[in-house]
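Undergrad: First the structure, then my questions, so here it is.
The values are calculated or read from the model by the stated rules, or taken from the named source; none is laboratory data. As the structure is a prediction and not an experimental result, all values here were calculated from the model. Reconstructed Cβ throughout: ideal geometry from the backbone, glycine too, with neighbour counts over all protein chains shown. Calculation scope for accessible area: heavy atoms of the full protein, side chains included, ligands and nucleic acids excluded. Shrake-Rupley method; radii C 1.70, N 1.55, O 1.52, S 1.80 Å.
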Amino acid sequence: MINSLTGLDDTDVATAAARAGAEVVHATYGQRLTRIDKGAGDFATDADVTAEEAILGVIRAARPDDAVLGEEGGQRGAAGSARQWLVDPLCGTLNYAVGTMVVAVNVALRDGPAAVADPFADEVFFTDGAAARVRRDGADERLTPTAASRLVDVNLDPPFPSAPGFKAVDLLAHPGFVERFRPRVVSTTLALAWVAAGKRAAYVTDGGDLTESVHFAAGIALCRAAGCVVTGIDGAPTGPTGRGLLVAADAGTHGLLLSMIRSRG
């Protein structure tokens, strides 16, 4: 295993790590899960933990000196390391725990390549930072965002730090929204990969700076490389002072959604 991984570039490491996590998530599906309480109604399962260990196994073998920040295991290595991997082994744990096959496995090198795996569609979306592709059935295809579906995923999970100025439910009730789009709520950052792949027109979530989040970093990198428009919900650039995410397949869709958000702010 170690010998087969040491020669990989960072993009291949991200892809191999995400696939390793996805294999665990797929294999564990439908089994009795042990829940690990995180408080405030949130929890992890033993599938999350095992998938993260599989991802770490790939990163340790390929990049033993790199730091890792994992959703379940926390910080490994120096937090200020120039090379740090952000790992979310199972984004959509609540979906998974009740038998819903809509989850993502996220692996990103900070400011570098990233991969998002869909364990049940057997797809790995990945980027080297310059282009975004999907690997399925052993073949790679470039991602082409499009708003043709008119489907917009809106994250309705708390917290809502921008309320009352911005509330996602208000966006769904906007007359312009119902005229032009159809809402979807999947509660996983797989939705970001779907925007990059043209399966969704846009994705909207409240929050603070999500660029350094283990949940969002891989999806954001993927969308940027695919050519999507990526900003905060206020239209400002993402970053330390950022407010959530408004990610759209094209500028026209982004502008429409932003105008609706501002009109209700």
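Undergrad: Residues of region 241-265 being of a type in the set (S, T, Y), assigned to a helix (DSSP H, G or I) and open to solvent by 40 Å² or more (accessible area, probe 1.4 Å), which ones?
TA: S259, S263
Undergrad: Are any residues in region 118-140 touching a Lys or Arg at 6+ places or on another chain (Cβ under 7 Å), assigned to a loop (DSSP other than H, G, I, E, B) and on the phi < 0 side of the Ramachandran plot, and if so, which ones?
TA: A131
Undergrad: Here is a list: D118, D42. Which entry is more than 12 Å from A22 (Cα to Cα) and among the acidic types (D, E)?
TA: D42
Undergrad: Let me ask something else. Out of all the residues in region 192-208, is one or more over 25 Å from Y96 (Cα atoms), open to solvent by 20 Å² or more (accessible area, probe 1.4 Å) and either within 15 Å of the chain's Cα centre (by Cα) or of a type outside the set (A, V, I, L, M, F, W, C) (or both)?
TA: So far as region 192-208 goes, yes, one or more of its residues are over 25 Å from Y96 (Cα atoms), open to solvent by 20 Å² or more (accessible area, probe 1.4 Å) and either within 15 Å of the chain's Cα centre (by Cα) or of a type outside the set (A, V, I, L, M, F, W, C) (or both).
Undergrad: Can you tell me which residues in region 159-206 are in a helix (DSSP H, G or I) and without any contact (Cβ under 8 Å) to a residue 12 or more places away in the chain?
TA: Residues satisfying the conditions are A173, P175, V178, E179.
Undergrad: Right, next: Which one is farthest from the chain's Cα centre (by Cα), of the residues in region 14-66 that are part of a helix (DSSP H, G or I) and among the basic types (K, R)?
TA: Within region 14-66, the match that is farthest from the chain's Cα centre (by Cα) is R60.
Undergrad: Here is a list of conditions, (1) open to solvent by 30 Å² or more (accessible area, probe 1.4 Å); (2) of a type in the set (A, V, I, L, M); (3) in contact with a strand residue (DSSP E or B) (Cβ under 7 Å, 6 or more places away or on another chain), and L8 meets all of them except one; can you say which number that is?
TA: Condition (3) is where L8 drops out.
Undergrad: Hey, another quick one. Restricting the search to region 149-172, which residues are within 22 Å of N95 (Cβ to Cβ) and of a type in the set (D, E)?
TA: The answer is D153, D157.
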